[in-house]
1. Which count do you get for residues in region 306-318 that are under 21 Å from Ala175 (Cα atoms) and open to solvent by less than 20 Å² (accessible area, probe 1.4 Å)?
2. Step by step: first the residues of region 221-233, then only those that are within 19 Å of Gly293 (Cβ to Cβ) and either out of contact with any helix residue (DSSP H, G or I) (no Cβ under 9 Å at 6 or more places or on another chain) or not β-branched (Val, Ile, Thr) (or both), then the one that is most open to solvent (accessible area, probe 1.4 Å). Which residue is that?
3. Answer yes or no: is there a residue in region 3-23 that is in contact with a His (Cβ under 9 Å, 6 or more places away or on another chain), crowded, with 24+ Cβ neighbours inside 10 Å and at pLDDT 95 or above.
4. If I filter region 155-173 for residues that are open to solvent by less than 20 Å² (accessible area, probe 1.4 Å) and outside any loop (DSSP other than H, G, I, E, B), do I get at least one hit?
5. Out of region 107-158, which residues are more than 23 Å from the chain's Cα centre (by Cα) and of a type in the set (D, E, K, R)?
6. Does Thr71 meet the test of being in contact (Cβ under 8 Å) with a residue 40 or more places away in the chain, closer than 30 Å to Ser288 by Cα and among the hydroxyl-bearing types (Ser, Thr, Tyr)?
7. Taking Ile272 as the residue in question, decide whether it is open to solvent by less than 60 Å² (accessible area, probe 1.4 Å) and farther than 27 Å from Met155 by Cβ.
8. Tally the residues that are surrounded by fewer than 21 Cβ atoms within 10 Å (Cβ to Cβ) and touching a Lys or Arg at 6+ places or on another chain (Cβ under 8 Å), restricting the search to region 31-45.
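The values are calculated or read from the model by the stated rules, or taken from the named source; none is laboratory data. Here the structure is a predicted model, which is why all the values come from computation and not from measurement. Counting neighbours? That spans all protein chains shown, and the Cβs are built from the backbone with ideal geometry, glycine included. For accessibility, only protein heavy atoms count, side chains too; no ligands or nucleic acids. Shrake-Rupley method; radii C 1.70, N 1.55, O 1.52, S 1.80 Å.
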Amino acid sequence: MNDREYMKKALTLAENGCGLVSPNPMVGAVIVKNGRIIGEGWHHKYGELHAERNALASCIEPPEGAAMYVTLEPCCHYGKQPPCTDAIIKAGISRVVIGSYDPNPLVAGNGIKILREHGIEVTENVLRDECDRLNEVFMYYIKTKKPFVIMKYAMTMDGKIACFTGESKWITGDAALNHVQKGRHRYSAIMAGVGTVIADDPLLTCRLSGGKNPLRIICDTQLRTPLASSIVMSARDVPTVIATCCRDTEKQKLYEDMGCRILTVGARNGHIDLYELTEKLGKEEIDSILLEGGGTLNWSALEAGIVNKVQAYIAPKIFGGKNAKTPVEGAGIPSPGNAFLLKNSRIIKLGCDLLIESEVISDVHRHS
């Protein structure tokens, strides 16, 4: 095996921490000596040992002189755990192969510098694109302190998210639906608008076996979420935030008594100021949001400049209907030159359906 193959193994290990380590990054580590893997590990859970220390603890023989493959630059500061650089140096590791740089200002190249100062050979940028993609949420959040927002929707090939009757279950097949559940497990929060709650009465929970429920955030400008909705009725079991512009404390108390948390934010264009909302959520260490809203909320999110990635699940079906709902509604843009632009698109086949993932080219002026 070569450096790339060992790093692929480390990436696979890192993914075991998906949904469990936020707001920390997912990290995997493999220790190789004389052409054999003698230890491996990953970051299991936020607050627990990092991947490097887990890998060292698993070694089946002394790691002196071995090489360590790690998907992210080892930390060199005290947080909930001591520096991994200390453990690597103490263990006698002779070479460290790194995938991504750690953008955390407390690390930011210092981990690599410390290792080299102690005579350890460091090889950088092995499978860097793959390692960066694994931790796109962490990379964004650590630099901006705002959640990474993924706008997700399922539509037909003619761009409809429901029939003209409003019926929408189900547009995509089982493989795509399962992929969505993995997203709910992976990301910290899920966001929907009150219109979706009223129309569909969703639970917005993760239905994977052993999966983690995301924090549920309902955008409800006038505070009209039905008290008998599944969201409110299950709020004592699943953490739920209702973001609103309504400052009627008596009305708010009705929801609080049911277990919901009310988060009051300002208004923008007659709706919740989503930019302000994400700033507040970021301060609470919410590092990622899966946006599962309807066309109105999706437009507002794009207009506010909070969307980082778009996930479009496309089913090989045609609904038709000039009044059938589409993924993004709102006022729309006046000309093609004003379009929201996407980049780095990739296509994933999920059963009969397709998923197109694209990054949003940010426009810092849209939210001003």
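1. Step one: list which residues in region 306-318 are under 21 Å from Ala175 (Cα atoms), which gives 309-318.
Remaining after also requiring open to solvent by less than 20 Å² (accessible area, probe 1.4 Å): 309-313, 315.
The qualifying residues number 6.
2. Pass one, region 221-233, residues within 19 Å of Gly293 (Cβ to Cβ): 221-226, 229-232.
Okay, now just the ones that are also either out of contact with any helix residue (DSSP H, G or I) (no Cβ under 9 Å at 6 or more places or on another chain) or not β-branched (Val, Ile, Thr) (or both), so 222-224, 226, 229-230.
Numbers: Gln222: 115, Leu223: 2, Arg224: 137, Pro226: 50, Ser229: 6, Ser230: 35 Å².
Of everything passing the filter in region 221-233, Arg224 is most open to solvent (accessible area, probe 1.4 Å).
3. yes
4. Here is the first cut: in region 155-173, the residues open to solvent by less than 20 Å² (accessible area, probe 1.4 Å) are 156, 159, 162, 171-172.
Narrowing further to those that are outside any loop (DSSP other than H, G, I, E, B): 156.
Yes - at least one qualifying residue is present in region 155-173.
5. Passing the criteria: Lys113, Arg116, Glu117, Glu121, Glu124, Asp158.
6. On the way: in contact (Cβ under 8 Å) with a residue 40 or more places away in the chain: yes; closer than 30 Å to Ser288 by Cα: yes; among the hydroxyl-bearing types (Ser, Thr, Tyr): yes.
Considered against the rule, which asks whether it is in contact (Cβ under 8 Å) with a residue 40 or more places away in the chain, closer than 30 Å to Ser288 by Cα and among the hydroxyl-bearing types (Ser, Thr, Tyr), Thr71 comes out as yes.
7. Working: open to solvent by less than 60 Å² (accessible area, probe 1.4 Å): yes; farther than 27 Å from Met155 by Cβ: no.
No; evaluated as a whole, the condition is false for this residue.
8. We begin by selecting, within region 31-45, every residue surrounded by fewer than 21 Cβ atoms within 10 Å (Cβ to Cβ); these are 33-38, 44-45.
Now restrict to residues that are touching a Lys or Arg at 6+ places or on another chain (Cβ under 8 Å): 37.
Of the residues in that region, 1 qualify.
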